[in-house]
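Asks: Before we start, here is the structure in question, set down as structure tokens.
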Amino acid sequence: MKKIILKCKLENRNHFEGKLSDIELDFSSVYWQHDRVYVPRGYRRNLNLPRLVMRTEMHAVDEAPKYSLILRRHIEDSGVDIVEETPVTDYATTVNIILQLGFKPAGEVSRRRQELEMGAGNIIYLDEIDGREGEHYAKIESILVDGDSVTEVKLDLEKTFKTLGESNFIESAYFEL
């Protein structure tokens, strides 16, 4: 699946949520995610190499966690992210396969997340990253369909953030902050 992803560090979370609430859009309840990120040996940021992410997700303490393996590849010259997610039933075995394929651990990130669907193929995430107390981030993911202009979609996402009073865009992955 091809996506355009734009993130920003929020100036004021309450203001951001309030603007969306004013147009009757509300975020889901909070859930927890933990990502372990793996990269191939020789990985450097601008080489268009894939990252593998082992994700643990919990929506309620009385429910079993959900595990998934995510292949994420950012194509620098186009600004497109290629993302594929596969459910995993055996976490330890999957990590062992990742390591045997020559990937190495690159970082971990835990977050409390809320989400809000804004039409077909557009989701806004509101994230609070563990270890970065007092900082909040928003991320918009937009699924590309045939015929979409990458430039136009990215400009629309930037315009959405600016309309909501945000413009502190970041390009780094959360584990790189």
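Taken together, the values in this text are just the output of simple stated rules run on the coordinates, not laboratory data. Just so you know, these numbers come straight off a predicted model, no measurement behind them. Glycine gets a Cβ as well: all are built from the backbone with ideal geometry, and neighbour counts include every protein chain shown.
Asks: Any idea how many Lys pairs in the chain come in under 14 angstrom at the alpha carbon, given 8 or more places apart or on separate chains?
Replies: Lysine pairs meeting the criterion: 14.
Asks: Which chymotrypsin sites (Phe, Trp or Tyr not before Pro) does segment 1-105 hold that lie in a coil by DSSP with at most 13 other beta carbons within 10 Å?
Replies: Values: sites: PHE16, PHE27, TYR31, TRP32, TYR38, TYR43, TYR67, TYR91, PHE103; in loops: PHE27, TYR43.
Listed in order of number, the matching sites amount to none.
Asks: Also, I was wondering about something else. With Cβ to Cβ distances under 10 Å as the rule, what net charge do the other residues near LYS139 carry (K, R +1; D, E -1)?
Replies: Numbers: positive: LYS7, ARG113; negative: GLU115, ASP127, GLU141.
Counting the neighbours of LYS139, the net charge comes to -1.
Asks: Report, to the nearest 10°, how far helix 150-163 tilts away from the longest principal axis of the Cα atoms in the chain, using its own Cα long axis and a range of 0 to 90°.
Replies: Value to nearest ten degrees: 50.
Asks: Sticking with this structure for a sec: For segment 1-40 and segment 85-137, what is the separation of their Cα centres, given in Å?
Replies: Comparing the Cα centres of segment 1-40 and segment 85-137, I get a distance of 12 Å.
Asks: How far, in degrees from 0 to 90, does helix 91-100 lean away from the longest principal axis of the Cα atoms of the chain, to the nearest 10?
Replies: 70 degrees
Asks: Determine, at each q value in 0.12 (inverse angstroms), the log₁₀ of I(q)/I(0) that the Debye formula gives when each Cα of the chain is one equal point scatterer.
Replies: -0.60
Asks: Could you give the angle, 0 to 90 degrees to the nearest 10, between helix 13-22's Cα long axis and the longest principal axis of the Cα atoms of the chain?
Replies: Result, in degrees: 60.
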